[in-house]
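Novice: Okay, here's the structure, questions in a sec.
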Amino acid sequence: MSLLKIKELKTYFFIGNQEIKAVDGISFNVERNETLAIVGESGSGKSVTALSIMRLINPPGEIVEGEIEFNNINLLKLSEKQMCMVRGDRIAMIYQEPMMSLNPSISVGDQIKESLIIHKSVPKNLAKQRALELMNLVSIPEAEKRYKELSSKFSGGMRQRIMIAMAIACNPDLLIADEPTTALDVTIQSEIMELLRSMKNKLNMSMLLITHDLGVVAENADRVIVMYCGKILEEASVKDLFRNPMHPYTIGLMKCIPKMDSAVEKLYSIPGYIPHPSQFPQGCRFNDRCENVMEICREKMPELIEIEEGHKVRCWQCQQ
Amino acid sequence: MSKIIEIRDLTKHFQISSKLGTKVDFVKAVNGVSFDVLEGETLGLVGESGCGKSTTGRLILRLIKPTSGDIFLEGKNINQISDKELRRIRKDIQVVFQNPYSALDPKMTIADILSEPLSIHKVVHKYQYENEVKRLIHMVGLSEKDLRKFPHEFSGGQRQRIGIARAIATKPKFIICDEPVSALDVSVQSQILNLLTDLQSELKVSYLFIAHGLNVIRHMSKRVGVMYLGKIVEIGDVEDIYSNPQHPYTKILLSSAPIADPSKDRDRSFVKGEVPSPINIPPGCSFHPRCEYAMEICKSRTPFLKSIGQEHKVACHLLDFDEKVRG
């Protein structure tokens with residue numbers, strides 16, 4: 001039984017008379033206790049997917065179609081008030097920029113205990129106790145002393161730990177981590193990912209990990225979705241994806257990252273640029289950058305088809 | 001090969017005052033950095049935020065004045081020269097910035113952006129501007145019709161190409177690339193890295209390549225310097241350092257980088273604590289509070305860079321210790 005089922009989700013932005021198809025008909029599931037990574041470059045729609053699940057899309061954006069079924073409830077049918085009960089309680093989210101997402105004028109301890117008071121009706125004195133436990137759990141040193149401090153007194157890594165403490169406070173079923181380590185240095189990044197992994201296992205959460213970094217994906221995800229221009233191009237278990245990438249875009253992405261252990265004279269590079277969301281090419285959206293482009297690629301969008309067990313690809317060539 | 005750039009004991013301390021302006025503190029951004037860059041080579045500079053790698057770049061550009069130390073461009077000390085001379089020398093040292101969105105004037109067309117350095121440094125005669133600008137835009141893989149456009153009409157990768165075209169316009173001998181691909185997507189990143197490599201072999205220019213991405217540094221550089229709190233803790237041939245890191249910090253840094261291969265189990269070492277503030281740099285070896293091998297001597301004596309092999313230098317007391325133990 002999947003925890004989260006997304007069916008044909010479409011989130012569009014209406015700017016002027018332009019229709020920006022940020023997320024354009026994506027379907028996927030998140031199983032219990034699994035980490036699903038969504039990988040993609042800027043403009044691929046990965047963050048908009050996350051915000052759609054949280055129902056945090058504001059005008060000019062709109063979820064125009066689709067279903068988001070979480071624990072067998074369609075989140076898109078809930079009233080805003082009901083959604084508030086889900087948000088922060090059953091589904092929690094951490095963001096890329098911990099400084100932007102923490103309130104600069106409330107002590108970090110109070111921010112952590114807020115969701116406990118709101119969602120779990122924990123009495124205030126107990127909530128403080130629990131918030132301190134959470135701070136210890138995410139390894140913030142001298143929690144007692146730092147409870148009353150403002151977020152500006154903390155370093156980037158520590159702020160992200162606070163965000164994680166807030167997110168796991170109510171023991172959510174699903175944790176959405178949107179580029180959780182992109183703003184951090186690499187030594188801090190590895191610590192934060194380690195913390196997320198251990199919290200996920202301790203609390204039996206599922207995690208939706210959104211990132212552009214294939215290294216982070218390889219080390220943390222169970223399954224992976226590759227997004228490009230609002231569409232899913234490939235979906236596979238992490239082992240299959242790295243062992244046998246099928247979509248030319250995925251193959252290209254993997255080839256164009258410089259390696260740590262072997263030197264090459266010249267890097268592979270995907271020609272061209274990511275198209276602007278108002279100017280997607282007709283047919284397959286990757287067609288003008290693809291080396292194996294065929295006639296049909298320019299005419300019709302291929303479907304996402306399961307080629308091997310659990311390995312889906314949206315490519316005309318792979319379907320032949 | 002001759003040396004293009006020599007840096008000797010470069011320091012930069014930024015003065016800051018406390019809220020009431022009474023107590024004066026110093027942010028010790030760069031603390032005695034020395035290195036050379038040879039003709040046509042790329043020296044990588046890697047480190048985490050706040051380690052002083054960008055400040056080092058800005059000091060070499062003389063965008064900021066060093067507190068002490070010397071910078072030699074082809075043997076000439078450019079730290080001591082007049083502003084007029086400095087302006088002339090800027091022709092030889094150019095820079096590519098991290099953020100291509102803010103590094104280009106939004107009100108100038110690409111043709112204007114590219115001809116400005118030509119006119120300031122009188123690279124070619126006025127009537128040749130047009131041809132020269134066309135030549136530059138082709139060199140970075142854009143087309144002539146792009147010259148009439150404004151920066152906002154381009155994507156990040158294209159803007160970075162324009163930034164690079166502007167840097168090579170003055171035919172520099174040395175380009176400082178300050179995180180040139182950090183703001184770009186991976187599929188575009190490799191295009192820009194390849195462009196930089198191609199231009200280097202074509203123009204025989206030297207690069208100081210500043211980045212925090214360890215794989216990018218590895219790809220681009222021949223030699224690499226690892227910085228921590230304003231000091232170089234290890235410097236040497238890139239293959240040497242990546243396969244056989246000696247400084248405890250280098251080891252941790254290299255093991256932290258995520259690798260895009262799920263079949264590899266990583267033996268990852270973590271570092272305790274966080275980077276101390278550059279206002280209160282720990283005495284002795286500045287890494288000692290976080291180092292798992294810290295000894296008594298590390299707390300009081302600053303280790304100096306010592307040669308441990310061909311061109312491989314490390315600043316760590318452990319190496320002396322090892323020598324003594326081995327006798």
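The values are calculated or read from the model by the stated rules, or taken from the named source; none is laboratory data. As the structure is a computational prediction, the values presented were derived from the model and not from experiment. So basically every Cβ, Gly included, is an ideal-geometry build from the backbone, and we count neighbours across all protein chains shown. Heads up: the accessible areas ignore ligands, DNA and RNA and are worked out on the full protein's heavy atoms, side chains in. Shrake-Rupley method; radii C 1.70, N 1.55, O 1.52, S 1.80 Å.
Novice: Can you give me the convex hull volume of the Cα atoms of the stretch A:108-176, divided per residue and expressed in Å³?
Specialist: Here the figure is 81 Å³ per residue.
Novice: Then there is this: How charged is the neighbourhood of A:Leu253? Take every other residue with its Cβ under 13 Å from the Cβ of A:Leu253, and add Lys/Arg as +1 and Asp/Glu as -1.
Specialist: Spelling it out: positives minus negatives among the neighbours equals -2.
Novice: In chain B, which whole DSSP H runs stretch at least 20 Å along their own axis (Cα) and average -0.5 or higher on the Kyte-Doolittle scale?
Specialist: Taking the DSSP H segments of chain B (at least 20 Å long, mean hydropathy at least -0.5), we get B:186-203.
Novice: Still on this structure: Debye calculation, C-alpha points only, no solvent: report log10 I(q)/I(0) for the stretch A:217-289 at q = 0.13, 0.21, 0.26 Å⁻¹, in the same order as the q values.
Specialist: -0.45, -1.03, -1.25
Novice: Next question, about the same structure. About the Cα centre of the protein assembly as shown, what is the dipole size in debye to 20, counting +1 per Lys and Arg Cβ and -1 per Asp and Glu Cβ, all else neutral?
Specialist: With only Lys, Arg, Asp and Glu charged at Cβ, the dipole is about 1800 debye.
Novice: Something else now. To test your reading of the geometry: what angle, between 0 and 90 degrees and rounded to tens, separates the Cα axis of helix A:156-168 from the longest principal axis of chain A?
Specialist: 80 degrees
Novice: Distance between the C-alpha centers of the stretch B:292-319 and the stretch A:196-275? Whole Å please.
Specialist: If you average the Cα positions of each part, the centres end up 38 Å apart.
Novice: Bin width 20 Å, origin at 0, all Cα-Cα pairs of chain A: what percent of pairs per bin?
Specialist: Percent of pairs per bin, in order: 31, 56, 13, 0.
Novice: Rg(Cα) of the stretch B:26-84 divided by 2.2 N^0.38 Å?
Specialist: The value comes to 1.18.
Novice: Could you tell me which GluC sites (Glu not before Pro) in the stretch B:220-302 are loop residues by DSSP with no more than 12 other beta carbons within 10 angstrom of their beta carbon?
Specialist: Answer in residue order: B:Glu292.
Novice: Next question. Across bins of 5 angstrom width beginning at 0, how are the C-alpha pair distances of the stretch B:214-327 distributed, in whole percent?
Specialist: Computed distribution, short to long bins: 2, 11, 20, 23, 20, 14, 7, 2, 0.
Novice: Report the dimensions of the stretch A:41-87 along its three principal axes from the alpha-carbon atoms, largest first, rounded to Å.
Specialist: 31, 22, 19
Novice: Which is the longest part of chain A that has none of the trypsin sites (Lys or Arg not before Pro) sitting in a DSSP loop with at most 15 other Cβ atoms within 10 Å?
Specialist: A:33-147
Novice: Now for a separate question. For chain B, which longest stretch is free of loop sites, where a loop site is one of the chymotrypsin sites (Phe, Trp or Tyr not before Pro) that DSSP puts outside H, G, I, E and B and that has at most 14 other Cβ atoms within 10 Å?
Specialist: Excluding the exposed sites themselves, the longest stretch runs over B:1-269.
Novice: Now for a separate question. Counting C-alpha atoms alone, how compact is the stretch B:223-283: give Rg to one decimal and Dmax as a whole number, in angstrom.
Specialist: Taking only Cα atoms of the stretch B:223-283, I get Rg and Dmax of 13.5, 42 Å.
Novice: What do you get for the angle between helix A:108-120 and the principal long axis of chain A? Use alpha-carbon atoms, 0 to 90 degrees, nearest ten.
Specialist: Helix A:108-120 sits at roughly 80 degrees to that axis.
Novice: Right, next: A 27 angstrom limit on the alpha carbon distance is what I want to check against. Which of B:Lys84/B:Lys222; A:Lys21/A:Lys200; A:Lys259/B:Lys204; B:Lys171/B:Lys306; B:Lys53/B:Lys91 exceed it?
Specialist: Exceeds cut-off: B:Lys84/B:Lys222; A:Lys21/A:Lys200; B:Lys171/B:Lys306.
Novice: Now, a different point. Compute the normalised compactness of the protein assembly as shown: alpha-carbon radius of gyration over 2.2 N^0.38 Å, N being the residue count.
Specialist: 1.02
Novice: Accessible area lost on pairing A with B, both sides, 1.4 Å probe, Å² to nearest 100?
Specialist: It comes to approximately 3500 Å² buried between A and B.
Novice: Give me the percent of Cα-Cα pairs in the stretch A:262-320 that sit more than 20 Å apart, rounded to a whole number.
Specialist: For the stretch A:262-320, the fraction of Cα-Cα distances above 20 Å is 39 percent.
Novice: For the stretch B:1-142, build the convex hull from the C-alpha positions and give me its volume per residue in Å³.
Specialist: In the stretch B:1-142, the Cα hull volume divided by residue count equals 177 Å³.
Novice: Which net charge results for the neighbourhood of A:Glu303, defined as the other residues with beta-carbon distances under 11 angstrom from its beta-carbon, given Lys and Arg at +1 and Asp and Glu at -1?
Specialist: That sum, taken over residues with Cβ under 11 Å, equals +3.
Novice: Leaving ligands, DNA and RNA out of it, report the carbon-plus-sulfur percent of the accessible area of the stretch B:200-265 at a 1.4 Å probe.
Specialist: It is 46 percent, rounded to a whole number.
Novice: OK, next. Just the Cα atoms of the stretch B:86-210: what Rg and Dmax do they give in Å?
Specialist: Answer for the stretch B:86-210, Rg first and Dmax second: 13.4, 40 Å.
Novice: Given a cut-off of 21 Å, what percent of all Cα-Cα pairs of the stretch A:195-320 lie beyond it?
Specialist: Cα-Cα pairs of the stretch A:195-320 separated by over 21 Å account for 46 percent.
Novice: Further, regarding this structure: At 222 nm, what value in deg cm²/dmol follows for chain B if DSSP H runs of at least 4 each add -39500 (n - 2.57) and the sum is divided by all its residues, to the nearest 500?
Specialist: -9500 deg cm²/dmol
Novice: Let me ask another. Quick query: amide H of B:Phe154 versus all other amide H atoms, modeled in the peptide plane; which residues come in under 5 Å with a sequence gap of 5 or more or a different chain?
Specialist: Amide H neighbours of B:Phe154: none.
Novice: Need the list of aspartates and glutamates near A:Lys113 for cross-linking: C-alpha distance under 20 angstrom, and skip anything on the same chain fewer than eight residues off.
Specialist: Of all the aspartates and glutamates, those that pass the test against A:Lys113 - Cα under 20 Å, at least 8 places apart if same chain - are A:Asp89, A:Glu133, A:Glu142, A:Glu144, A:Glu149, A:Asp173.
Novice: Can you show me the helix-derived [θ] at 222 nm for chain A, built from DSSP H runs with n ≥ 4 at -39,500 (n - 2.57) apiece and divided by the number of residues, rounded to the nearest 500.
Specialist: -9000 deg cm²/dmol, from helical runs alone.
Novice: Let me know the whole percent of all Cα-Cα pairs from chain B that are separated by more than 28 Å.
Specialist: In whole percent, the long-distance tail amounts to 46.
Novice: Counting residues in the stretch A:48-166 as N, plug N into 2.2 N^0.38 Å and put the Cα Rg over that result.
Specialist: 1.18
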